[in-house]
Amino acid sequence: MSESAGDSGDELSVLRARVAALEADKAAAPPPHHRLRSFFAALLIVIGCVLVPLGIVASWTSSIVGDTDRYVQTVAPLADDPDIQAAVATRVTNAVMEHIDLQSLLEGVAPEQRPLAAKALGKLGGSLESAVKSFVHERAQDVVASSAFQTIWTDANRAIHTSLDRALTGSDEGAVKIETDTVTIDLAPVIDRVKQRLVDSGLDVAAKIPEIHTNFTVVKSDDIGKVKTGFSLLQLMGVWLPVIAVLLVVGGVLLAVRRRRTLIAAALGVAFAAIVLGVALTVFRTVYLNALPADVSPAAAGSVYDTLIRFLRTSVRVYATLGILLALAAWLSGPSRPAVLVRGLWHSGITATRSTADHAGMNLGPVGPFVARYRTWITWILVAGAAAVVVFWPYPTAWVVVGVVLVLLLVLAVVAFLAEEPAGDTSASPPEKTA
């Protein structure tokens, strides 16, 4: 009898263990509708992350192509770039030398001016042609290094942008043609100033040089004349495509079952997508420069490329910084031991500061209870305000994002300080019963 009872007990234990295992498996396995939610959440986040680089490029295209002031602001520093100045000086020198007939020009010099011209050219030594070329090149360098060149460069780019906008978007051909697959600037104003410098330096024969129009290549690509539709589409989607990408990511996070983990993954995915775009821009730079013809200065072309995509790289850094900071914030709000430790240190610091203030006799009056009562609302309002600052800041940088986050942390610390219960405050404790 005892053996049968023992066998029954063993079988019962086994059955209970099996039931417990089945219940554990059932609890671990997500329900079918959870799996469906997870699938669509992941799909939305992946699509949003894929659209992030396209959104960054669309926003940059809309800004550069559609905003003349923004374009001029972007390319204005090129006037002070040594590689650009050297390339322009060389292009102007070659253009001037093509229109100088040394023999006829020197024969036309008045007898009383010949010693002055010979003296000016004789200082340079070498053959007559190389001496004249060196002399012209020096005057060209003087012009491109002056403030006058900055004005010429800015005015020329402002004029070229209006036509470039029309040409690339297909609204009108304008003055700039895309038939030659290049975007160029006419250096005639620079040449005129070089001619004047030559005359002022004693070479009056330079005044007889006819008006010269020569172009300096700003952008050259075999496909630039074939991308009107693409530019038009990117310019049209410049505002909405980044918004769509962010909304897809947010929708995926809200749809997910485990939102904190999903938020961390989504934020890191956005940061990764932005970094991939940054790497692609670096790779394309090498490809673009290697495809340039031999008569285009690689150094100058590299400076133009780096300057044109300067704000595009800034946007890449902003998205990467935002993604990393958001992932870090989500992780710090989680239950992991390091996150709990960090939050404990934060709270301990606030408590110690408030305790010191209480011992110093600080009285917050009704402010403390008010902040403590509405602390959650105040926190969300501050977070929303910080997000609005980043969104509506005109062309924010990564440092702007970091600065906004630091200010937000400081304000949140002040809120936590105000909401902290004073040391030794027992007003919230129930009164003790007396006999």
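Checked against (1) hydrophobic (A, V, I, L, M, F, W, C); (2) under 40 Å from the mean Cα position of the chain (by Cα); (3) modelled with pLDDT under 85; (4) surrounded by 13 or more Cβ atoms within 10 Å (Cβ to Cβ), VAL391 meets all criteria but (4).
The criterion of at least 3 residues that are at pLDDT 80 or above and closer than 16 Å to VAL190 by Cα is met by the following helices (runs of 4 or more DSSP H) wholly inside the stretch 62-118: 82-98. Pairs meeting the criteria (first residue in the stretch 352-366 and small (Gly, Ala, Ser), second residue surrounded by 14 or more Cβ atoms within 10 Å (Cβ to Cβ) and at pLDDT below 80, beta carbons under 9 Å, at least 6 apart or on different chains) are SER355/GLU420; SER355/PRO422; ALA357/LEU364; ALA357/PRO422. Residue count for the stretch 370-384 under the criterion of being small (Gly, Ala, Ser) and surrounded by 13 or more Cβ atoms within 10 Å (Cβ to Cβ): the result is 1. Scoring VAL340 on the criteria (1) closer than 19 Å to ILE264 by Cα; (2) in contact with a Lys or Arg (Cβ under 6 Å, 6 or more places away or on another chain) leaves a single failure, condition (2).
The values are calculated or read from the model by the stated rules, or taken from the named source; none is laboratory data. Note that this is a predicted model, so its numbers are computed, not measured. When we count neighbours, we look across all protein chains shown, and the Cβ atoms used for this are built from the backbone with ideal geometry, even at glycine.
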